[in-house]
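All remarks here apply to the structure that follows.
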Amino acid sequence: MKTPSPFDAIIIGSGIAGLHSALRLAETGRAVLVVTKKKIAHTATNFAQGGIAAVLSQTDDVEKHSEDTLEAGAFHNNKRAVSYMVKHGAASIRRLIEYGVPFATHGGELLLTREGGHSERRIVFVSDYTGKAVEEVLVKRAKKHPLITIWEDATAGDFIVRDGHCLGVEVIQEGEVTKIYASAVILASGGVGQIYAYTTNPLISTGDGIAMAHRAGCTTRDLEFIQFHPTAFHHGGKTRFLISEAVRGEGAHLLNSKHKRFMVGRHPRAELAPRDIVSREIYKEERDGPVYLDLRHKDPVKVHTRFPQISAALKKYGFDMARDLIPISPAAHYLCGGVEVDLKGRTSLPGLFAFGEVAWTGVHGANRLASNSLLEALVFSERIVDEIRGTVRGDKSMNSQINGPPPSARGTNLPPCTPSQKRLYAKLRRSLQKTMWESAGIIRTEEGLKKGLSEVKAAEKLIQNPDSLEGRELSNMLTASELIILAALRRKTSLGCHFRSDSED
Ligand code: SIN
């Protein structure tokens, strides 16, 4: 275990929100610690295929991008936040280009693709692995920066709160809990996808940030709005991986079990309707059999060239992306709500900031517009520099601001988890994922949600050894699930990606 040292800021999470804030802070002379649960690039950002939306073409403007964002969000969005994000989108893309992200270009101009809910081509991309390309560039820069320290395989425990201020966070590494203090603690720990049986999210997405912030007394908002991505490759009864919406943006059709294009006539944009609508229509069609993506009408060379990673991944399962019907199914993809923050990323707990999927800025409303997530993380984490410049001096002695300087201190060892406890946790995890899929999934009812809630509460009582690393993760998953179900129960009518089949609306 490394000897703890004082930092100006601690960042929990190493996706685009975490690393971008780390770089922006370090560039202004602040010493930053990035704490990441697995290896630095094991983040949801790495899984984002499509791209980043921004107003970059002559035919586009901020009003159109705002309007599309609001329409996808069922007008439940925070309009100020939407307008702020959209206006600053192009500048954020330019910064990524300066950092070295190799967005696709033609004749020196950025190439723009399209996804569901967008009235214009406005998505910059790097082939079909945009998130991975962005993550690689940010990781490389962060690793090189002398003011950025990265701790991998380091799990955040609880925030250290005193006199109504967040002073730091417990960090667990190699079974040892260490208290680390800093003036600013930045939560950028991502989403909750792993609480569902089918998800496009990586294994780290277990809702830790939501649960930690909730325990620290922070306000959460709009947690009922879980976005289900319409097209995850579904094979052998399992969700295998995401198939980007950009595939439909480039003309793929959706076919039902009778090989009919069922989205035509159900929405003016057919396959490119907002995600919540497409996901629900697929879910309904699946009652009669599997649903497929179809690219057989497209030029096979173009398909394989435009989507090399998806194409190669499908090939491993014996599918030719351009010639075969590709079985797909919706999967939990993105948490539109989160820990409430203002436009400066401040949570309701002074000293604690949040950015990215874990945070609620209100830009996504009741359903996120495709490719707005990396944009939100970028634009709002940019604000951290302006905000922290005023409060964090960059001399590593700012702990004296709040009741004297608490030293970073080494702590206790965690109780180890026995093999039988590990088996119990794995079983509880699987049953939670099934419960959440069935009760708080694509189509919800009050009865189903109440049943889900009682199952989650029953599971909470079964956790043995809750202080172990595995016990903490499962507890976080259960807390996040409970909060999501409670939010879904409170919203009695359908809105965006929260669909109540027992409501009249
Ligand atoms: C996709 O490529 O379809 C995912 C991108 C996103 O969630 O915005």
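Whole number in Å², please: accessible area per residue of the range 292-354, 1.4 Å probe, ligands, DNA and RNA not counted. Could you put the intermediate results ahead of the total?
Numbers: 2580 Å² over 63 residues.
Per residue, the range 292-354 has 41 Å² of solvent-accessible surface.
Going highest first, how would you order 219-227, 27-35 by mean Cβ packing within 10 Å? Walk me through the numbers before you get to the answer.
On the way: 219-227: 24.0, 27-35: 21.4.
The packing order, highest mean first, is 219-227, 27-35.
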Note: the range 287-380, point scatterers on Cα, Debye, no solvent; log10 I/I(0) at q = 0.15, 0.17, 0.19 Å⁻¹ equals -0.75, -0.82, -0.88
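Between residue 258 and residue 501, what is the FRET efficiency for a Förster distance of 22 Å, r being their Cβ-Cβ separation, to the nearest 0.05?
Efficiency for this residue pair is about 0.40.
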Summed over the other residues with a beta carbon less than 13 angstrom from that of residue 369, with K and R at +1 and D and E at -1, the charge totals -2
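How much net charge surrounds residue 121 when only the other residues with a Cβ under 15 Å from the Cβ of residue 121 are counted, with Lys and Arg +1 and Asp and Glu -1? It would help to have the intermediate numbers written out before the result.
Values: positive: 64, 114, 122, 248, 269, 306; negative: 60, 61, 68, 109, 115, 120, 245, 250.
It works out to a net charge of -2.
Could you look at the range 58-211 and say what percent of its accessible area is carbon and sulfur, using a 1.4 Å probe and all protein chains? Working shown, then result.
Values: 2930 of 6030 Å².
In the range 58-211, the share of accessible area belonging to carbon and sulfur is 49 percent.
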Over the range 245-350, what percent of the accessible surface lies on carbon and sulfur atoms, probe 1.4 Å?
52
Residue 119 to residue 153: extension gain in nm, 0.36 nm per residue of separation minus the Cα-Cα distance?
8.1 nm
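Convex hull volume of the Cα atoms in the range 17-108, per residue, in Å³? Don't skip to the answer; put the middle values down first.
Values: hull volume 14.3 nm³, N = 92.
Convex hull of Cα atoms, per residue: 155 Å³.
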Protection proxy (average C-beta count within 10 Å per residue), highest first, orders 184-192, 327-335, 128-136 as 184-192, 327-335, 128-136
Under 15 Å, Cβ to Cβ, from residue 46 - net charge with Lys/Arg +1 and Asp/Glu -1:
0
Students often check this: by mean Cβ neighbours within 10 Å, which of 8-17, 417-426, 79-88 ranks highest, and how do the rest follow?
8-17, 79-88, 417-426
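Can you figure out the FRET efficiency of residue 385 with residue 174, using R₀ = 30 Å and their beta-carbon distance, to the nearest 0.05?
Details: r = 33 Å, r/R0 = 1.09.
Rounded to the nearest 0.05, the efficiency is 0.40.
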Could you provide, to the nearest whole Å², the per residue accessible area of the range 4-147 with probe 1.4 Å?
39
In a Debye calculation with equal point scatterers on the alpha-carbon sites of the range 82-189 and no solvent, what is log10 I(q)/I(0) at q = 0.12 Å⁻¹?
-0.67
Restricting things to alpha carbons, tell me how big the chain is in terms of Rg and Dmax, in Å.
22.0, 70
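The values are calculated or read from the model by the stated rules, or taken from the named source; none is laboratory data. Keep in mind that this is a model prediction, so the values were computed, not measured. All Cβ positions, even for glycine, are placed from backbone atoms using ideal geometry, and neighbour counts span all protein chains on display. Note: accessible area is taken over every heavy atom of the protein model, side chains too, but ligands, DNA and RNA are not part of it. Shrake-Rupley method; radii C 1.70, N 1.55, O 1.52, S 1.80 Å.
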